[in-house]
Amino acid sequence: MKDTIVPVTNPFDEGMVLLFNKPKDWTSFDAVKKVRNLCRTKKVGHAGTLDPLATGLLIICTGPKTKEIQFIQADEKEYTGTFFLGATTASYDLETEVEQTFDISHIDESKIKSATKKFIGKILQIPPLHSAVKVNGQRAYKMARRGEDHVLDAKEILIREFEITNIQLPVVEFRVVCSKGTYIRSIANDFGKALNAGAYLQSLCRTRIGNYFLKDAWEIKDFAESELIQSLKTQHNDI
C-alpha cells in the first residue's frame, strides 16, 4: 500500500495582510523579496513604498489580499522624524552629500513652530528630483543621477497635522499626518526655505497607515523565527 500524500497547506496563499518594521537601508522590494521567500508564496506585494533610509511600517499583502493594496495605499499616513536645519542636499535627505550650508542664528523655537502653519491643509508640493516619479516614461531619480535637467509638476496633497515635538538645533523632531503621495523629504526642503535657512530630512519613520500601526508590526527577524514560518518550513522539508 502506497503512503498517502498529504498536501502542504500554506495560509499565505489564502491571503494575509502583514505588518513589518522595515529596517534602515532596506528597499521596500528587499522586504517583499524576503517575506515572499519566508512565506513560500508567489503573490506578494507592498502597500506604499518607503525610501531605503527610512524605517517604519511597511504593509505586505499575500494571495488574494494583494487586491486590497490600492485601498491601503490610499489611506492617511503618519510619520515621525528629524530635520537638519542649516544645510541642503540634492535628494533632500542623506542619500546625497550636503550641497549648501546656511546660518541658523536667526532661528528660534517660535519661528520654527510658526513655520509649520504654512504647511497645514491642502498645499501644492513638488516631488524631489531624486524620486520615483516618472518624467516622459523615465524615473526622475535615474535622470537626476545622470545629471539631466528636468522639471516635476506640483501635486496637491493634504497635511492634516504638523507638530514639532522637540528642538535641539540644528536638529528638529517632528510628527506629520498627511495624505497619500506626500513626500516628507519635500516638506523638509520647503520647511528650510520657509525659515530662510535650508533643511534636509535626517531621519524618517512611518508609524501609521490608516488603521494599521507600527506598534503592531513584526520585526522581520522575529517573523522569520515565528511558529507559523517554522511550521511551514517543516512541512516543505517533509515532502
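The values are calculated or read from the model by the stated rules, or taken from the named source; none is laboratory data. Please read all numbers here as calculations on a predicted model, not as lab measurements. With ideal geometry, Cβ positions are generated from the backbone for all residues, glycine too; neighbour counts draw on all protein chains shown. These area figures cover heavy atoms from the full protein model, side chains too; ligands, DNA and RNA do not enter into them. Shrake-Rupley method; radii C 1.70, N 1.55, O 1.52, S 1.80 Å.
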Discussion item. Net charge around residue 212, counting only other residues with Cβ within less than 12 Å of its Cβ (Lys, Arg = +1; Asp, Glu = -1)?
Written reply: -1
Item to complete: Mind sorting out which of (i) 1.07; (ii) 0.97; (iii) 1.02 is the real Rg/Rh (Cα atoms, Kirkwood Rh) computed from the coordinates?
Response: (i)
Response to the item:
Expressed as a whole-number percentage, the relative contact order of the chain with C-alpha contacts under 8 angstrom and at least six residues apart is 26 percent
Worksheet item: Each residue of the stretch 84-90 in order: what ³J(HN,Hα) in whole Hz does its phi give by Karplus 6.51 cos²θ - 1.76 cosθ + 1.60, θ = phi - 60°, with x for Gly and Pro?
Response: 10, 8, x, 7, 9, 10, 5
Item to complete: With the full set of protein chains in place, find how many percent of the accessible area of the stretch 19-85 is carbon and sulfur; take the probe as 1.4 Å.
Response: 53 percent
Worksheet item: Among the aspartates and glutamates, which fall within straight-line cross-link reach of residue 122, defined as a Cα-Cα distance under 12 Å, with same-chain neighbours fewer than 8 residues apart omitted?
Response: 156, 161
Fill in: Partners for residue 117 among lysines (Cα-Cα distance below 17 Å; same-chain residues under 8 apart left out)
193
Item to complete: Net charge near residue 104: determine it from the other residues with C-beta under 14 Å of the C-beta of residue 104, scoring Lys and Arg +1 and Asp and Glu -1.
Response: -1
Discussion item. What's the magnitude of the charge dipole for the stretch 167-239 around its Cα centre, counting Lys and Arg as +1 and Asp and Glu as -1 at the beta-carbon? Answer in Debye, nearest 20.
Written reply: 460 debye
Worksheet, complete the sentence: Low-density loop chymotrypsin sites (Phe, Trp or Tyr not before Pro), the stretch 151-234, at most 11 other Cβ within 10 Å, DSSP non-H/G/I/E/B, are none
Discussion item. Nothing charged except the Cβ atoms of Lys and Arg (+1) and of Asp and Glu (-1): what's the magnitude of the dipole of the chain about its Cα centre? Round to the nearest 20 debye.
Written reply: 640 debye
Discussion item. List the aspartates and glutamates whose Cα sits under 12 Å from the Cα of residue 65, skipping any in the same chain fewer than 8 residues away.
Written reply: 13, 14
Worksheet, complete the sentence: Rounded to whole Å², per residue accessible area for the stretch 1-98 with a 1.4 Å probe reads 52 Å²
Worksheet entry | Among 114, 86, 59 the positive-end extreme of the charge dipole of the stretch 1-117 (Cβ point charges) | 59
Worksheet item: Given the Cα-Cα distance of residue 68 and residue 120 and 0.36 nm per residue of separation, how much length would full extension add, in nm?
Response: 15.8 nm
Practice prompt. Give me the number: length gained by fully extending residue 222 to residue 155, i.e. 0.36 nm times residue separation minus the C-alpha to C-alpha distance, one decimal in nm.
Written response: 20.3 nm
Worksheet item: Quick one: net charge of residue 180's neighbours, Cβ under 15 Å, K/R +1, D/E -1?
Response: +1
Item to complete: Work out how much length residue 14 to residue 231 would gain on full extension: take 0.36 nm times their residue separation and subtract the Cα-Cα distance, in nm to one decimal.
Response: 76.5 nm
